[in-house]
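The values are calculated or read from the model by the stated rules, or taken from the named source; none is laboratory data. Please read these numbers as outputs of a predicted model, since none were measured by experiment. Every residue, glycine among them, receives a Cβ derived from its backbone with ideal geometry; neighbour counts consider all protein chains shown. Calculation scope for accessible area: heavy atoms of the full protein, side chains included, ligands and nucleic acids excluded. Shrake-Rupley method; radii C 1.70, N 1.55, O 1.52, S 1.80 Å.
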Amino acid sequence: MKFFIDTANLEEIKKAKALGILDGVTTNPSLISKESIDKEWIMDHYISICDLLEDEEDLSAEIISTNYVDMIQEGEKLSLLHPKIVVKIPMCEDGIKAIKFLSKKNIKTNCTLVFSIGQAILAAKSGSYYVSPFVGRLDDISHNGLSLIKDIKIIYDNYHFKTNILAASIRHPLHITECAKIGIHAVTSPLNVISNLVQHPLTNIGLDKFLKDYKNKF
Ligand code: G3P
């Protein structure tokens, strides 16, 4: 199971990298907007993120264009920026066409803002390398985000679709462990969710006791 961090913050990426379990980074326009950089430095910022990554790791960087012609131009520009960049494209009719075009040119894409089975099928049919269903945002509106993940996995397996399921909008460790049970390719989550996976109160209590017993005797 691959672990991505959902951020554009270099320090957070370095912290996750230091754990030794990171497989890549995903960003979006909201996340990049949180960083203290001017617009003209965004491309350099993507390069700085890529420079932190190793072989087999990638960065999903999202386009902001909304029509087909601009989408493919922006996608090509992003892909030329660094070999580790996967072009993240929103689910919409022009987005599907852009994914198809870029995939045919062997440019990896990540179809984002996916909230339904139908959208996931279209992402796969268009040849997207990743599909990003948003688990947490579905939960937010009282839908079942994990149920969507399960359904996409069944359908992709049924038809041997090659698109990799990258569950996004992950809010807590249970989202990650349930995704692992479903057997999807990857999850992307904020650093605090990855950190929370480490924690268990019995681990802390157990460690305190081990150290106390040792110090009492020696
Ligand atoms: O990067 C897309 C997705 O992970 C966003 O998550 O928490 O803003 O719903 P969130």
**Message:** Using a Cα-Cα cut-off of under 16 Å, which lysines could be cross-linked to Lys209, ignoring same-chain neighbours fewer than 8 residues away?
**Reply:** Lys217
**Request:** Can you tell me which of 83-96, 27-40 comes out highest on packing, and rank the rest after it, using the mean Cβ neighbours within 10 Å?
**Result:** 83-96, 27-40
**Request:** Give, rounded to the nearest 20 debye, the magnitude of the charge dipole that the chain has about its Cα centre when Lys and Arg contribute +1 at Cβ and Asp and Glu contribute -1 at Cβ.
**Result:** 660 debye
**Prompt:** For the cross-link pairs Lys2/Lys162; Lys88/Lys181; Lys34/Lys84; Lys88/Lys125; Lys14/Lys39; Lys104/Lys153, which exceed 19 Å when the distance is taken from alpha carbon to alpha carbon?
**Reply:** Lys88/Lys181; Lys34/Lys84; Lys14/Lys39; Lys104/Lys153
**Prompt:** Rounded to the nearest 500 deg cm²/dmol, what is the calculated helix-only ellipticity per residue at 222 nm for the chain, with -39500 (n - 2.57) per DSSP H run of length n ≥ 4?
**Reply:** -16000 deg cm²/dmol
**Prompt:** How large is the accessible surface per residue of the stretch 1-140, computed with a 1.4 Å probe and reported in Å² as a whole number?
**Reply:** 49 Å²
**Item:** Acute angle (nearest 10 degrees) that the helix 201-217 long axis makes with the longest principal axis of the chain, alpha-carbon atoms
**Value:** 30 degrees
**Request:** Calculate what fraction, in whole %, of the accessible area of the chain sits on carbon and sulfur atoms when a 1.4 Å probe is rolled over the protein chains.
**Result:** 55 percent
**Asked** When you count, for each residue, the other Cβ atoms within 10 Å and take the mean per peptide, how do 196-205, 121-130 rank with the highest first?
**Response** 121-130, 196-205
**Asked** Helix 10-19 versus the longest principal axis of the chain: what is the Cα-based angle in degrees, 0 to 90, to the nearest 10?
**Response** 50 degrees
**Request:** Please give the helix 42-52 orientation as an angle from the longest Cα principal axis of the chain, in degrees from 0 to 90, rounded to the nearest 10.
**Result:** 50 degrees
**Centroid-to-centroid separation of the stretch 37-104 and the stretch 1-35 [C-alpha atoms, Å]** = 16 Å
**Fill in**
Sorted by chain and then number, the residues having a modelled amide H within less than 5 Å of the amide H of Ser60, at least 5 places away or on another chain, are Val25, Thr26, Thr27, Val86
**Asked** Which residues' amide hydrogens lie under 5 Å from the amide hydrogen of Thr109, considering only partners 5 or more residues apart or on another chain, with H built in the peptide plane?
**Response** Val87, Tyr129, Tyr130
**Fill in**
Along principal axes, largest first, the alpha-carbon spread of the chain in whole Å comes out as 72, 41, 31
